[in-house]
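Enquirer: Could you have a look at this structure, given as structure tokens, before my questions?
The values are calculated or read from the model by the stated rules, or taken from the named source; none is laboratory data. As the structure is a prediction and not an experimental result, all values here were calculated from the model. Counting neighbours? That spans all protein chains shown, and the Cβs are built from the backbone with ideal geometry, glycine included. These area figures cover heavy atoms from the full protein model, side chains too; ligands, DNA and RNA do not enter into them. Shrake-Rupley method; radii C 1.70, N 1.55, O 1.52, S 1.80 Å.
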Amino acid sequence: ALKPWEGNMNISGAELWSWHEHFITYIVNNNPVTSLNASYNHFSDDAIILMCEKLKGNKKLQSLRLCGCLMTNDGAIAFSKLLRCNSVLRDCWLTHIVGISDSGAFALASALTEGDDANHTLLTLHMAGTSVSDECKNK
């Protein structure tokens, strides 16, 4: 029998803000959630950085959607560090985040392709609707 919060969790558009960090921490640390859709909430870099820190030890979450949040390149860089140490996440949606531009995209790409700690388990990273330049997209 499924327990509350087990499996898929959809909190998309729940009007959560960065100060809901305790909720974020609880979700990523204490629950067998395999898919989290936290899109279209008001998560700034502070919340994203906290989430990334907490997800470093998570061995369950396979799909994460953070579409339309308030992330900038700082959040994308934190996410790239998470990718280097997480071998469980398979699918990630970072779409409609205008705060991510070339430097954030380069950090994410580097985490997937460069170094001994490059992530080889993430299958899809969706980034449509960001501020990444065409020049960067073509590299």
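Enquirer: Give me the distance in nm between label points sitting 7 Å out from Cα along the Cα-to-Cβ direction at residue 139 and residue 103, one decimal.
Expert: Using points 7 Å along Cα→Cβ, the separation is 1.3 nm.
Enquirer: Any chance you could give the angle, 0 to 90 degrees and rounded to 10, that helix 102-113 forms with the longest Cα principal axis of the chain?
Expert: 80 degrees
Enquirer: Could you tell me the largest-minus-smallest coordinate of the C-alpha atoms of segment 24-108 on each of the three principal axes, in descending order and whole angstroms?
Expert: 33, 25, 20
Enquirer: Roughly how many Å² is the accessible area per residue of the chain, as a whole number, for a 1.4 Å probe?
Expert: Spelled out: the 1.4 Å probe surface of the chain, per residue, equals 52 Å².
Enquirer: Also: Which percent of the accessible heavy-atom area of segment 84-139 goes to carbon and sulfur, probe 1.4 angstrom?
Expert: 52 percent
Enquirer: Another question, then. So which lysines can residue 137 reach, going by Cα to Cα under 24 Å and dropping same-chain residues fewer than 8 places off?
Expert: Counting by Cα, and skipping residues close in sequence, residue 137 has these lysines nearby: 81.
Enquirer: Sticking with this one: Can you tell me the orientation of helix 45-55 relative to the chain, as the angle in degrees between its alpha-carbon axis and the longest Cα principal axis, to the nearest 10?
Expert: Helix 45-55 sits roughly 70 degrees off the main axis of the chain.
Enquirer: Report the gain in length on full extension from residue 116 to residue 131: 0.36 nm times residue separation, minus Cα-Cα distance, nm rounded to one decimal.
Expert: That pair, residue 116 and residue 131, stretches by 2.5 nm at full extension.
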